[in-house]
1. Would you be able to tell me the number of residues in segment 42-88 that are open to solvent by 90 Å² or more (accessible area, probe 1.4 Å), among the hydrophobic types (A, V, I, L, M, F, W, C) and out of contact with any Gly (no Cβ under 7 Å at 6 or more places or on another chain)?
2. Scan (1) open to solvent by 50 Å² or more (accessible area, probe 1.4 Å); (2) under 27 Å from ILE50 (Cα atoms) for the single condition LEU159 breaks and write down its number.
3. Whether any residue in segment 89-100 is small (Gly, Ala, Ser) and in contact with a Ser or Thr (Cβ under 9 Å, 6 or more places away or on another chain) is what I want to check.
4. Assigned to a helix (DSSP H, G or I), open to solvent by 70 Å² or more (accessible area, probe 1.4 Å), free of Cβ contacts under 8 Å to residues at least 60 places away in the same chain and more than 24 Å from VAL27 (Cα to Cα): which single residue out of LEU99, LEU149, LEU106 fits that description?
5. Hey, any hits in segment 123-141 for a residue that's in a helix (DSSP H, G or I) and surrounded by fewer than 13 Cβ atoms within 10 Å (Cβ to Cβ)?
6. Just one of the numbered conditions (1) under 30 Å from LYS153 (Cα atoms); (2) in a loop (DSSP other than H, G, I, E, B) is not true of TYR42; which one?
7. Would you check if ASP173 is open to solvent by less than 40 Å² (accessible area, probe 1.4 Å) and modelled with pLDDT under 95?
8. Can you name the number of the only condition in (1) farther than 22 Å from ALA102 by Cβ; (2) in contact (Cβ under 8 Å) with a residue 40 or more places away in the chain; (3) of a type outside the set (Val, Ile, Thr) that ALA65 fails?
Amino acid sequence: MGIKAFFLEIDRNGERYLTLPLYTLVVITIFMEVFRRFFLSYSSIWSEEIARYAFIYITWIGAAAAIKERAHIRIDVILPLLPNKGKAIVFIFGDIITLILACIALYWSMEPVLNSINFGSVTHGLRISHAWFLAAVPLGFTMIIWRLLQSMKRDLSDLKAGRSVFEGKKLFD
């Protein structure tokens, strides 16, 4: 596999490659903790933290995946009535607004991470730097920004070429 093919694969399935091990970690940790609590009458503080923080990472990575697939919840009563150019403009406008908000959120989400590093805060159970878990938010917003830029590029390209704009995958029709 060449370097270009590697990056294309990461672009296509990067969120899946990140969330699958985290989902597995959550399931194994929770299963193990339930077994230990009910059958061994013993529990640990670290298992709750692992499951919670892994789930937080899954959520932020999943938000970026939803941006990529246009799978976020939206009210699209007007979209079916618009011509292709109108749909593209609405999607691009929405992406621009989301991009602005994501950039602001990325900026402000860095402060807790930096404070955690500066003050050396650690988690209660795992006793590792809290910054590792706070970093889920800026990582998520960075991935969201990247996917928004890709979405806008795709929409502009489709608009220029006269192709139907990508409306995303629908859960219900």
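The values are calculated or read from the model by the stated rules, or taken from the named source; none is laboratory data. The structure displayed is predicted, hence computed values, not measured ones. A quick note on method: Cβ atoms are made from the backbone with ideal geometry, for glycine too, and the neighbour counts reach across all protein chains shown. Protein only, heavy atoms only, side chains kept; ligands, DNA and RNA dropped before computing areas. Shrake-Rupley method; radii C 1.70, N 1.55, O 1.52, S 1.80 Å.
1. Final tally of qualifying residues: 6.
2. Result: LEU159 fails condition (2) only.
3. Residues of segment 89-100 that are small (Gly, Ala, Ser), as a first pass: 94.
Those left that are additionally in contact with a Ser or Thr (Cβ under 9 Å, 6 or more places away or on another chain): none.
Checked segment 89-100: no residue is small (Gly, Ala, Ser) and in contact with a Ser or Thr (Cβ under 9 Å, 6 or more places away or on another chain).
4. Working: LEU99 fails: open to solvent by 70 Å² or more (accessible area, probe 1.4 Å); LEU106 fails: open to solvent by 70 Å² or more (accessible area, probe 1.4 Å).
Of LEU99, LEU149, LEU106, the one residue that is assigned to a helix (DSSP H, G or I), open to solvent by 70 Å² or more (accessible area, probe 1.4 Å), free of Cβ contacts under 8 Å to residues at least 60 places away in the same chain and more than 24 Å from VAL27 (Cα to Cα) is LEU149.
5. Within segment 123-141, not a single residue is in a helix (DSSP H, G or I) and surrounded by fewer than 13 Cβ atoms within 10 Å (Cβ to Cβ).
6. (1)
7. For ASP173, the condition - open to solvent by less than 40 Å² (accessible area, probe 1.4 Å) and modelled with pLDDT under 95 - is not met.
8. (1) is the only condition that ALA65 fails.
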